Structures are given as structure tokens and as C-alpha cells.
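The values are calculated or read from the model by the stated rules, or taken from the named source; none is laboratory data. All of these numbers come straight from a predicted model, not from anything done at the bench. Counting neighbours? That spans all protein chains shown, and the Cβs are built from the backbone with ideal geometry, glycine included. The protein model used for the area step is the full one, side chains on, heavy atoms only, and it has no ligands, DNA or RNA in it. Shrake-Rupley method; radii C 1.70, N 1.55, O 1.52, S 1.80 Å.
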There are 2 protein chains.
Amino acid sequence: MHLKTIDMTAPRARTLVPVDVTTIQERVYQSIRLGLLRGEFLPGEQVTIRGLAEVLGTSAMPVREAVARLIAEHAIEQSGPRTLRVAPYHATEHQNYIRIRMQLEGYAAERAASAPKNPALIDALRRHNDDIAEALNVKDFDAALAGNQAFHFELYRAAGYPQILDIISSLWLRTGPIVASARRDEALFTRLFKTGIRIHGNAIDAVAQRDRAAARHAINLDIRSSHLAIRRFSQR
Amino acid sequence: MHLKTIDMTAPRARTLVPVDVTTIQERVYQSIRLGLLRGEFLPGEQVTIRGLAEVLGTSAMPVREAVARLIAEHAIEQSGPRTLRVAPYHATEHQNYIRIRMQLEGYAAERAASAPKNPALIDALRRHNDDIAEALNVKDFDAALAGNQAFHFELYRAAGYPQILDIISSLWLRTGPIVASARRDEALFTRLFKTGIRIHGNAIDAVAQRDRAAARHAINLDIRSSHLAIRRFSQR
DNA sequence: ATATGATATATGTGATCTCATAAATCATAA
DNA sequence: TTATGATTTATGAGATCACATATATCATAT
């Protein structure tokens, strides 16, 4: 075949770009994960492998393995011998997760505040916080949730531990659907995030001044206050 | 069928006992998990689904899902498009895990020390610690590892958070093969655990006196000192 | 009217087969 | 001698089929 004599390394305008080589399973996993964080599932909602496969336009096989991974993260649980559901809300269990999150996210915030000064980080955090405020003004609750998540993960990423980010994001997978379900109460949701914006401001100041204790305290306050609001919502 | 007229609720000597209803997948998962904690795999060792299936006497299917769960826990990773291996040792990554463990296990120890006095717990902890010493005397390193694990998890269980136990045990899944691999150096291993026994003693005293700070400190010291020893071993 | 059994349906689990391809080996040509 | 292409082998990924059984519905008998 004579085509092989073409020199692909010659300096020509090549527009070829790497193709997506991720497996279907991986994309299914990310898709369900995102759906959980966005609150597209209710806590306790039943799901089926075949059902998810149909919605996602694939077969059962990749969904099975993606679900196995989500079960390992306790985002999905087996409520019976042949039934799967999104992790439901249980007050005491949720409170335990909140305490664990305070330990880990508080530590990550502390480390982020200990890192060398990083004006770009401060700018990014302010921008995410402004995004939340803007989203609330136009009642775009999806965007508010996304902005809140972006703020927190931007901060934790600055701690410089990819490993702690993984664990935290797996914890958010469990509390995410619960926070997101609070969207049903507009007033509560707005109040919740208004408070959050204020506390985020304190966290940003703490990081800007490299005040570790204040950063940890602000993040812990943020987690605790949103937990208390949600608890009141979920228990009535 | 006339048998159905027998009254099974009558007070007779029934010896029937519930049968094992767990799935093969679950047993495969537990089996691999235990193997990792026992150090039956080396860090970075390649594994195959078919290979594991054969060793475990089952087909590929249950192994695939069990492996998917272990991948979600970062105990096994995909090093290439079609290759699986036990998570390898990387110094900085491992150090990050150590720091995370200090946060979580320190917190769990603190909570255990805050709980009401529990003489049975103290006894159990002392017993586990004695088991380690005894195992070292007869150079039974498997038993020493098991005793160490039993000690830590007995303590953390007393914190009263099933959720934190899950996360910690998933972290041990990653550091476990590394600690276990230190068995190859008898002298190091013995020294490592001799030190551990002493520090465990401090931890037990702290819990007995309900001294939260001391309990956290002892556990953190235990984690850090074993980390430092392992690091010296792994890096030469 | 209630409880028990039969039936139908849905669903996770497991086994098996196929396929694309990564890795290794070997052959060939410049 | 070296580099390139062909060949073989192993392996994860995906599809499909079969199966046991949980759940719900309905029928029947007491």
C-alpha cells in the first residue's frame, strides 16, 4: 500500500486529535456519579441495572461494573437480595458522615491555607463564590450547587493531596443527593446558600492570610450549618 | 404432601441454622481483600481476572465485579488498557495516605477515648497487644500482623462510627500490602512491632483514663513511626 | 374474610462466547 | 545490524443467555 510512504512527521498542518479511549464502563460510572452529585436521584430511590442501561443507551454489562464501583463507595446500596437503591437518608448515619467530612475537609482547608500564597487560587475561589450568588439571584439551583461544589473542590485541590480529594468526593457522593433534594424547598435552599456564601468569604480571607486555624474553622462551620438546615428539612 | 402438617414452631430440638446466602462475588471480594491485608500480594504485582478466578475456583464474572469494587477503593489499579495490578508503592503518595490516616484514625481514637468507660474494651485491647508480643516471640509474623490489625480496629470500632471504620479499612487496603511486604526483613519487622507494642500501651492507658488528646497522639505516633521504618525499608 | 398456594414478572447473578487490542515474538528487508 | 511489519498469545470489555428467586398478583379453600 503506497500510503505508508507518506511522512506523518513532516511539518504539515495536522489536525488529528487524540480520540476518546475510555471504556463504556468508565463513562457510565462518571455519568451516574455526576447525576448523583447533581441531585438527579433522590435518596433511597430504587434503580435497576437494566433501567440505567436503557437510559444510558448501553447494555447491562458496563452498568454492572459501574454499579459495583458505586456500591464500594456506598453511593448505591443493595437493600435486598435483588434490589439496588441510592443510599437513603438516615439522620444518625448522615451525622456521622458530616463529622468525618469535617475532619477531612477541615484538614484539607488547613493544608490549603498553609501552602505558599497563591493569588490565582484566591481569585478562583472568589469567582466560584460569586457564581453561587449570581445563580441564586436567577433561581438557577443547579448552577448554585455546581458553584458550591466547584468552590469546595478548588480549595481542597490546593491542599496538594490527590488522595484526599478522592475520599472527599466519594463522601460528597453520599451527602450530595441529600443536599440536592433540598431544592424542593426554595426558601430553605436560598437561605442555606446565602449563609454558605458568607462563610465561604471567611474561608477565602483565611486562606489569603494563611491562617490555618481560621480556614479549618470556616469550612467546618460551612459543613455544620448546611447539615443543620438539611436535617430540619429532611425530618419533617 | 403430608409433611406440611408438621408444626415447625413446636418446641422441639431444631438444629437448623441459617445457610450462607452471600453471593460468590461477595466472597471473592472478601477473599481478595483479606489476601491484600495479609500481604499475600506484593505492591505493584500484576493480577489477571482469569488468574484470580482460577485460584478462587470460580468463573471470571464474579471476579470482574469484585475487582471493580477494589479498583474503586484504589486497592487495585489499571496500569494500562488491559492490565491490572495491586497498587504499587510510591513514596509521596504513601506519605499522603499516612497523613490522611493520621487524621481519621487519630479522630477515631479520640472518639473512642471520649466514650464512657469500658473495661471490656481495655481488656480486649491488652489482649490483642499481648497477642502481638507472643507472635513476635515465636516469629509468627502473620499472627503479629493480624494482632496489630485487631488492636487498631477494636479501638476504632469503639468510636461508634461504622462509617469511619469503612473508610479506614479501605485505607489499610492500600498501606497493608506495603507493611506486610516488610516481613522480608525480619529484624526491621521485629523492631517495628516492638515499638508498636509500646505505643499501643500508651494508647490503652489514654483510653482507660479517657484522655482524648493522649489517645490521638499515641495513635498518630504509632502510624508515623511505622511509616518512617517502612519508608527506610522500601527505599533501598 | 382471611390465609394459603399458584402464577407471572422482574431482576441480580453467573457462565460463556466473541472481539479488539496490547504485548511479545519472530521474520524480513534495507 | 537495525528497524519495520507480520504473527501469535493473552486479556479486559462487552454481549448474550440461563437461572434462581424476590415481589406482586390472582385464585382457591377454609
Scan region B:203-212 residue by residue and report those that are open to solvent by 10 Å² or more (accessible area, probe 1.4 Å) and in a helix (DSSP H, G or I).
B:Asp205, B:Val207, B:Ala208, B:Arg212
Only residues that are within 15 Å of DNA strand C (Cβ to nearest atom) and not hydrophobic (A, V, I, L, M, F, W, C): list them for region B:62-87, please.
B:Pro62, B:Arg64, B:Glu65, B:Arg69, B:Glu77, B:Gln78, B:Ser79, B:Gly80, B:Pro81, B:Arg82, B:Thr83, B:Arg85
I'd like to verify a number: residues in region A:33-61 that are within 12 Å of DNA strand C (Cβ to nearest atom) and in a helix (DSSP H, G or I), how many?
8
Got at least one residue in region A:38-48 being touching a Leu at 6+ places or on another chain (Cβ under 9 Å) and within 14 Å of chain B (Cβ to nearest Cβ)?
no
What about A:Ala143, is it of a type in the set (Gly, Ala, Ser) and over 27 Å from B:Leu165 (Cα atoms)?
yes
Examine region A:213-225 for a residue that is loosely packed, with under 15 Cβ neighbours inside 10 Å, modelled with pLDDT of 95 or more and of a type in the set (Gly, Ala, Ser), and state whether such a residue exists.
yes
Condition check for A:Leu84: among the aliphatic types (A, V, I, L, M) and more than 18 Å from the chain's Cα centre (by Cα):
yes
Kindly list the number of the only condition in (1) more than 18 Å from A:Leu37 (Cα to Cα); (2) open to solvent by 10 Å² or more (accessible area, probe 1.4 Å); (3) in a helix (DSSP H, G or I) that fails for A:His200.
(2)
